[in-house]
1. What residues of region 291-321 lie in the reach of a label at Glu401, counting those whose backbone N is under 12 Å from a point 7 Å from the Cα along Cα→Cβ?
2. Note down the relative contact order for region 215-362 as a percent, whole number, built from C-alpha pairs under 8 angstrom at least six residues apart.
3. Given region 395-499 reduced to its alpha-carbon atoms as identical point scatterers, what log10 I(q)/I(0) does the Debye formula return at q = 0.17 Å⁻¹?
4. Give me log10 I(q)/I(0) at q = 0.13 Å⁻¹ for region 322-439, Debye formula, one equal scatterer per alpha-carbon, no solvent.
5. Mind checking the full-extension length gain between Asp279 and Lys472? Use 0.36 nm per residue of separation minus the Cα-Cα distance, one decimal, nm.
6. Indicate the gyration tensor shape class of the chain (rounded, prolate or oblate), computed on the Cα atoms with a ≥ b ≥ c the square roots of the eigenvalues: a/c under 1.5 is rounded; otherwise a/b larger than b/c is prolate and the rest oblate.
7. For region 178-323, treating each Cα as an identical point scatterer without solvent, what Debye log10 I(q)/I(0) comes out at q = 0.10 1/Å?
8. In the P(r) worked out for region 324-392, what percent of Cα pairs fall beyond 20 Å?
Amino acid sequence: MSKTLGAPHENVATFLIDTKKMFINGEWVPSVSGKIYESLNPATGEVIATIYEGDKEDVDHAVRAARTAFKGDWSATSSANRSNLLHKLADLLESRSEDFAYLETLDGGNTIILTRHGFVPSAVAHLRYYAGWATKLTGQTIPLTSGGNFHAYTQREPLGVCGQITPWNYPLLGTVWKLAAPLAAGNTVILKPSQQTSLTTLLLGELIQEAGFPDGVVNIVTGSGRSIGEAISSHPGIDKIGFTGSTEVGKGIMKKSADTLKKITLELGGKSPNIIFADADLDKAIQGAFMGMFTNQGQICVAGTRLYVEKQVFKQVTDRLVEMAQKMKIGNPLDPTTQMGPLISKEHLQTVKKYIEIAKQEGATVLTGGNILQEGDLAGGNYLEPTILTDLEDNCTAVKEEIFGPVLCVMPFEHIEEVIERANLTEYGLAAGVWTQSLTTAHKVINALEAGTVWVNTYLKSDNALPFGGHKQSGIGAEMGYQGIETYTKTKSVLISLN
């Protein structure tokens, strides 16, 4: 470990000693091939762990274990017991919250403030929320329109084996989002964490084992998205896929799952518009727009990357945003005073930097930022200054494509109809923001925006009870809320003649 990062927690240090194995059928096993890969600290470039790299053979073993568990002990487990197990897992996670926060920061570069006070508590709350739903899945009694002496009703049943593919930007929380609802509904799960941030998922596997889930109910297969993701997508023994990631990969999953007609939930890319009207509370709007863009280094699918500002307050807003960006503390993500840590990898750092260079070539002005930082304590890390671009057209590359980094595009507008049209001028439809003190303006824009979530006078706020999903090419289906568990069930209609 780097001296600049300090000594890790004792539990985390112990966890990182050995090459991390996969969790299949209640046992920790190496990959069939014996191959391993390295997990790098994005703040230093140092190797923090080695992990076994799975392949289709490992997926096949996990599928067999999950199918056996689904048909065996798990299908016989009462909804109350499923609820109790999820509550126990939540309690165990909460008791180890500091270890998970530390490990997530070490592995993913998320600031310790964000992991400690955001990601980990949210994961605990999500487990408890769906623990409550486990005992509340019901069907309906239905009066038949055709009449007759019949008793007709529906019942909801689990789908079976679910292959869940999680993203690198929310390692723990993304895993829990893919785990709690299907387990509450009575399914078994195969988790495929991102190869770049697998460690907190593997540590969660230890808690799953400690909580007492039956063998094979939860399985974790680590390795590359290309080999394992393809195996999960095409495997005939998997009934449902839940995926969070890029639109391009999501389309590939749809194609590969078509032959077996798998159910799918896809939470994909975004290029979210954030609109500030002149009558908004500007202090609140500027702070919200800034955090909505630069939280987690801009590595958030719902980041408000396209900021439209009404012309009469454009300079006031951009001046404040530039001032805030220049004061932002960039550095060691384990330092509680750090506001912005590194990007996930050197490859991603170069990708984001390339977008900035393309924007400049297309005529954009860099108001602040745009530089890779490699001096002093930042040497070896994947650090990039928070960047604000202006003088952009709606067809510019930086405005159209998802950058997934700390790059904000700020553009003026004059009329409400104009900004609505421009906000919808994208293939994506994940989220949007509106800042105004006029209810008339707010509702007109809400109704017109093509997005799965619209925030008004706030940004990034989420809740376990509120469904989250994208429109257009930002996804299919929803997570969170009742819709988030309903999608892991199937409906059976029953009709009984009483004659």
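The values are calculated or read from the model by the stated rules, or taken from the named source; none is laboratory data. Predicted model only: the values in this text are computed from it and were never measured. Heads up, the Cβs are rebuilt from the backbone with ideal geometry, glycines too, and the neighbour counts pull from every protein chain shown. Note: accessible area is taken over every heavy atom of the protein model, side chains too, but ligands, DNA and RNA are not part of it. Shrake-Rupley method; radii C 1.70, N 1.55, O 1.52, S 1.80 Å.
1. none
2. Numbers: 139 pairs, mean separation 23.5, N = 148.
Taking the mean separation of contacting Cα pairs over the length of region 215-362, I get 16 percent.
3. Log10 I(q)/I(0), no solvent term: -0.94.
4. Rounded to two decimals, the profile gives -0.60.
5. On the way: separation 193, 0.36 × 193 = 69.48 nm, distance 3.02 nm.
Gain on stretching Asp279 to Lys472: 66.5 nm.
6. Values: a/c = 2.00, a/b = 1.25, b/c = 1.60.
In terms of gyration-tensor shape, oblate.
7. Here the Debye-derived log intensity ratios amount to -0.53.
8. Details: 714 of 2346 pairs.
Of all Cα-Cα distances in region 324-392, 30 percent exceed 20 Å.
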